[in-house]
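This report refers to the structure that appears directly beneath it.
Throughout, read-outs are computed from the coordinates displayed, never taken from laboratory work. This one's a predicted model, so the numbers in the text were calculated from it and none came from an experiment. With ideal geometry, Cβ positions are generated from the backbone for all residues, glycine too; neighbour counts draw on all protein chains shown.
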Amino acid sequence: MRDPGFSLSLRDASRLVELSFGRVFLRDHGPAAPAAPGGPPVLLLHGLLVTSHSFTRLIPELASDHRVLAPDLPGCGDSDRPPPVLCADYSPRWLAAALQELLDRLGLAQVDLVGHSWGGAIAVCLADAAPARVRRLVLVDPTLFAMPVPIEGRLATVPRIGPYMFHNMYRRNELRRYLGRAFSSERLVDEADVDIYWDRLARSGGREAAHAMLMQLLGADTMAGMLPRMRALTAPTLVVWGDRDGIVPREHADRVAAAIPGATLRWLEGCGHTPPEEQPEALAALLRQHLDGAGVGASAHP
C-alpha cells in the first residue's frame, strides 16, 4: 500500500502486523539503501478520528535517513477493531500496551516516540510504562488535561443515548467540521483527506472504537491520571504547539511543559492543531534537532 507522491528513494515496507488482539496496519518507511545509523526508529502516533494518513506529509521529511513507523492505532484506519469491552474500552494504557506488543513483534528494543493529540496521551503512557523503550519523546499538541468540549462531544457522553447518537448521527459533515476547527484555517482542509478518514471511521466497528476513545479522552479519571505519569517521565522531551490550536487550549502548552521534568516547549507560528499536516517541514526540523540531540532551546510564548 503506497501513498501517492512518496519518493521512490524511500523504502516502503508497510504491512499488516498480526498481534494478540488482531492486526495492526503499519506504515514502515526509510532509506531505500542502507544508511548510517541515525538512532532508533521514529514511532509516530496519530490523534482521534484520523489515521496514520495524517503523517503522509511528515514521513518523507524524516525517512531519508530515519526508519519511520506510523501505525493505525487499534480500532482506527486499516487496523482491526476489537469490541471496546475486549480492550479496556481503548484506554490510553491499553493502547500503550498494544504498542509495546507491536514493538516486541518487530524486535525493537527502543524507539524515538512522537505523539500527536490523542496520540500524545498514549505516548505518555508508553514512556511511563516502559521508559527504557523510549530514547526521546516529542508531544505535539497533546490532549493531556481536561478541556472544553463542543456540544456534539457532550451529547456523545450521555449514557445509552450517546453511543447511539454517535454511531447514527456522526457523519462526514461532522468529521469535516471537526477537521476545519483543527486547522488554522478551514480552507486548508483537503477533501480527499476527509474522504480517507471518513471511509475508515465508517467501517464496521470504527465509530464504536472512536466513541470509546472519546469517552476516555473526556473521562475525568483518565485525564487526572496523566499528571503523575508526566511528572515521572525520564526521556528528554520536546513539546511542540501550534499557536492557533483551536482544539486544545493554548494554556495547556505551558502546563504540559511544566509537568514534565526538563521538557522544552516550542511554538509553531500560524499553525493550528495539526502540525504534521499543516507545517510538516517546520515540525520535521524541530523533530530532527531534538532526535539528533542538538537541542532546540525553549521559545517564548507567542
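Comparing Cα centroids, the stretch 170-196 and the stretch 222-279 end up 23 angstrom apart. Per-residue ellipticity at 222 nm, computed for the chain from helices alone with -39500 (n - 2.57) per DSSP H run of at least four residues, works out to -11000 deg cm²/dmol. Taking a Cβ cut-off of under 10 Å around ALA202, the surrounding Lys, Arg, Asp and Glu residues balance to a net charge of +4, with basic ones at +1 and acidic ones at -1.
Computed from the Cβ-Cβ distance with R0 of 30 Å, the FRET efficiency linking ARG250 to LEU86 stands at 0.20. As a length-normalised measure over Cα pairs under 8 Å and 6 or more apart, the relative contact order of the chain settles at 19 percent.
A cut-off under 14 angstrom between Cβ atoms defines the neighbours of LEU265, and their net charge, with Lys, Arg +1 and Asp, Glu -1, is -3.
Relative contact order for the stretch 7-147: 24 percent, from Cα pairs under 8 Å spaced at least 6 residues apart, divided by residue count. Would you mind counting up the charge near GLY115? Only other residues with Cβ under 13 Å from its Cβ, with Lys and Arg at +1 and Asp and Glu at -1. Taking every Cβ under 13 Å from that of GLY115, the sum is -1.
In the set (1) 0.92; (2) 0.99; (3) 1.04, the label that goes with Cα Rg over 2.2 N^0.38 Å computed for this structure is (1).
Backbone phi angles across the stretch 54-64, fed through the Karplus curve with coefficients 6.51, -1.76 and 1.60 (θ = phi - 60°), yield HN-Hα couplings of 5, 9, 5, 8, 8, 4, x, 6, 10, 7, 5 Hz in residue order; Gly and Pro are listed as x. For the residues ARG187, ARG171, ARG11, a GNM of the chain with alpha-carbon springs under 10 Å puts the largest fluctuation on ARG187.
Once backbone amide H atoms are built at 1.01 Å from N, VAL240 has LEU139, VAL140, ASP141, ARG266 as its partners under 5 Å, excluding neighbours fewer than 5 places away on the same chain.
For the pair ASP190/SER20, report the inter-label distance in nm, with labels modelled 7 Å from Cα in the Cβ direction. Taking the simple label geometry, ASP190 and SER20 are separated by 3.7 nm.
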